[in-house]
1. Can you tell me the accessible area per residue over the chain, all protein chains present, probe 1.4 angstrom, in square angstrom?
2. So how strong a dipole does the chain carry about its Cα centre when Lys and Arg Cβ are +1 and Asp and Glu Cβ are -1, to the nearest 20 debye?
3. Which of the cysteines found in the chain have nothing to pair with, since no other Cys Cβ lies under 4.7 Å from theirs?
4. Could you tell me what percent of the accessible area of the chain is made up of carbon and sulfur, with a 1.4 Å probe and every protein chain present?
5. Name the residues whose placed amide hydrogens come within less than 5 Å of the amide hydrogen of residue 36, ignoring near sequence neighbours (fewer than 5 apart) on the same chain.
6. Work out the length of the dipole vector of the range 233-314 about its Cα centre, built from +1 on the beta-carbon of each Lys and Arg and -1 on the beta-carbon of each Asp and Glu, and round it to the nearest 20 debye.
7. Take the residue pairs 84/116; 66/116; 8/223; 62/290; 44/101; 44/290 and return only those whose Cα atoms are more than 22 Å apart.
8. Given the options 279, 172, 311, which has the most mean-square fluctuation in a GNM of the chain, springs set between C-alpha atoms less than 10 angstrom apart?
Amino acid sequence: MQTLPQLKAVYDLPLPELIFRAALVHRENHDIRDIQRCALLSIKTGGCPEDCGYCSQSAHAKSGIKAEKLMDVEGVLLAAAEAKAAGSGRFCMGAAWREPKARDMDVLCAMVAGVKAMGLETCMTLGMLTGEQARRLAEAGLDYYNHNLDTSPERYGAVITTRTYRDRLETLERVRAAGMSVCCGGIVGMGESRDDRVGFLHALATLPAHPESVPINALVPVKGTPLGDMLADTPLARIDDVEFVRTVAVARILMPRSMVRLSAGRESMSDATQALCFLAGANSIFTGDKLLTAGNAGAGADAALFGRLGLVPMASAEPARVAAE
Ligand code: SAM
Ligand code: DTB
Ligand code: SF4
């Protein structure tokens, strides 16, 4: 593994050289025509006690998102069936929680078992987990757990104050110990420096094992959240497309076998920028016209994009353990 200064030097490479290197790593480790498709469903929306500065679902934000109750199993399975019919291979269920409550565990496990029985890969993102909760979800058939590091360790406290980086790492350890695959990435475009983006990628790549999935989100600025309002005041702070592509390229170079997901923010990205991301090693997207609360590109736009680029969406992928570098 490279040191932080070595990694910074890679991030700083002339863009054509950086993309070339990332594309080589991509080709050596993946079929470059494949793009994995993951569907997303908010199974519990809004009213979250955490104060993540980017999030529309935080009870601290004034985004207008109303707190809802946990969905019932039937509604979740209906959405999963639609996602499968639309070609997604993985179904990711997200909840606006700091952590699941004991009383929710039976329902969550029933959701996992039901989605798994449809032949979809299962993923959940529910906040922090105890070891016991991780084991129960794994037993129910949960393939992946999404838990993002989101930014560099140094910048974390400026974005979120209600939990620590260490809390995040501990949940990731519990997910691994329960035998699940890890989906872990973060957000760029939160007003962080290039050094923060390098520090964030370094943190991901020095986890005990590389995450099997690495979602790279571009901040979706939401009015009424601290970061959304900050960007409304200083639009120049918004992430530059080329800087986003650099982040994707370095993630690919650092984590050769991982699926690198071009995640939130795709709706407002040009086809050309998305094409550069795929060239730089992104090989996964979120499908559908909604993420959790924000808009997403949608099936029509994706079909047109794939058609233009000559890329083949992948129906599913087996969860595969990735060895640490
Ligand atoms: N509550 C759980 C948690 O935070 O771990 C799960 C749901 S949370 C919405 C999942 C991830 O969505 C966050 O870690 C963050 O990376 C991403 N996210 C949330 N709001 C976003 C936004 N406005 N723009 C980009 N990504 C966002
Ligand atoms: C991830 O890294 N991105 C997804 C998923 N994991 C759960 C969520 C993106 C959320 C975008 C903002 C919203 O929809 O509210
Ligand atoms: Fe809650 Fe997750 Fe949003 Fe943070 S990102 S406020 S933990 S839903």
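The values are calculated or read from the model by the stated rules, or taken from the named source; none is laboratory data. Nothing here was measured: the structure is a model prediction, and the numbers come from that model. Counting neighbours? That spans all protein chains shown, and the Cβs are built from the backbone with ideal geometry, glycine included. Note: accessible area is taken over every heavy atom of the protein model, side chains too, but ligands, DNA and RNA are not part of it. Shrake-Rupley method; radii C 1.70, N 1.55, O 1.52, S 1.80 Å.
1. About 42 Å² of surface per residue is accessible.
2. 200 debye
3. 38, 48, 109, 183, 184, 277, each lacking another Cys Cβ under 4.7 Å.
4. The value for the chain is 55 percent carbon and sulfur by accessible area.
5. 284, 285, 314
6. In debye, rounded to 20, the range 233-314 gives about 340.
7. Checking Cα-Cα distances, 66/116; 8/223 exceed 22 Å.
8. Checking each option, the largest mean-square fluctuation is seen for 311.
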